[in-house]
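Report on the following structure.
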Amino acid sequence: MYQILKQIALTGIKTEAPPQPDEAMRALSQRLKQEVLASFAGALTIRHVDAGSCNGCELEINACNNPYYNLEGLGIRFSASPRHADMLLVTGPVSRHMEVALRRTYDATPDPKLVVAIGDCGCTGGIFGEGYASCGRVSNVIPVDVTVPGCPPTPYAIMQGVLTAIAQGKPRG
C-alpha cells in the first residue's frame, strides 16, 4: 500500500486538458436541427446495421449520443426496428452471412428512406474487399445515398454524413 501511495504522490494527477469550444460544431448542430425540423417534422429515426464491422465505427456512432455531440437533442433517435426508421446507418463490409439480413432490413424500412454507409469498409470494402466471405461495400447490396469515409470516422464526420443525406433532397421513395 505504501508503494502505491508513493507512486501516486510522485506521479501526480495526469489528465487531459478539457476540450475547447468548437464553433464549427455549433453551426453543424444548428443546421442539422433545422434540416430535421424541415424534412422529418422534428424527428429523424435511425436504424443502425452492423453488417460485419470491427466495432470501431459503432464506438464513434455511440459517441454521437454522448452529451458532447448530443445527437438526440437535435431530434435524431436510434430505433431497434427498421419499421420505425427513416434512415439506415450501415457499417462494415457486408459479410455473406449479413447480406440477406441487410436486404431484409432495407426492405422493412418504410419509404421514403435514406441509407448512409459509415467507414472505409462500408464505403469501399476496406481491407476486406470482395471475396468468398465478404460482399464488399454496402452499395454492392443495397442503394446508398451518402458515404462517410474514415477508419473509423469521427462523430463530427458521421453527423455531417447524416446532414448531407438529409440535405440532398427527398429521401428515396
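The values are calculated or read from the model by the stated rules, or taken from the named source; none is laboratory data. In this text the structure is predicted, and so the values were computed from the model without any measurement. Counting neighbours? That spans all protein chains shown, and the Cβs are built from the backbone with ideal geometry, glycine included. With ligands, DNA and RNA removed, areas are computed over all heavy atoms of the protein, side chains included. Shrake-Rupley method; radii C 1.70, N 1.55, O 1.52, S 1.80 Å.
Compared with the direct C-alpha span, the chain from Arg83 to Asn65 gains 4.3 nm at full extension, assuming 0.36 nm per residue.
Report the extension gain between Cys151 and Ile4 in nm, rounded to one decimal, defined as 0.36 nm multiplied by the number of residues separating them, less their alpha carbon distance.
Numbers: separation 147, 0.36 × 147 = 52.92 nm, distance 3.80 nm.
Once the chain is fully extended between Cys151 and Ile4, it gains 49.1 nm.
At a probe radius of 1.4 angstrom, the accessible area of the chain per residue rounds to 57 square angstrom.
Dipole size in debye (nearest 20) for the range 1-118 around its Cα centre, Lys and Arg Cβ +1, Asp and Glu Cβ -1? Don't jump to the answer; show the numbers that get you there.
Numbers: 12 positive and 12 negative charges, 38 e Å.
Magnitude of the dipole: close to 180 debye.
Protein-only accessible surface at a 1.4 angstrom probe places the residues His97, His84, His48 in the order His97, His84, His48, largest first. Using bins of 5 Å that start at zero, the share of Cα-Cα pairs per bin across the chain amounts to 2, 8, 16, 19, 17, 12, 7, 5, 4, 3, 3, 2, 1, 0, in whole %.
How much FRET efficiency would the formula 1/(1 + (r/R0)^6) give for Asn55 and Glu130, where r is the Cβ-Cβ distance and R0 is 30 Å, rounded to 0.05?
Approximately 0.90, to the nearest 0.05.
Backbone geometry of the range 49-60 corresponds, through the Karplus equation with coefficients 6.51, -1.76 and 1.60 at θ = phi - 60°, to 3J(HN,Hα) couplings of 10, 8, 8, x, 7, 8, 6, x, 5, 5, 4, 6 Hz, x marking Gly and Pro.
Nearest 10 degrees, 0 to 90: what angle lies between the long axis of helix 23-40 and the longest principal axis of the chain (Cα atoms)? The angle comes out at about 30 degrees.
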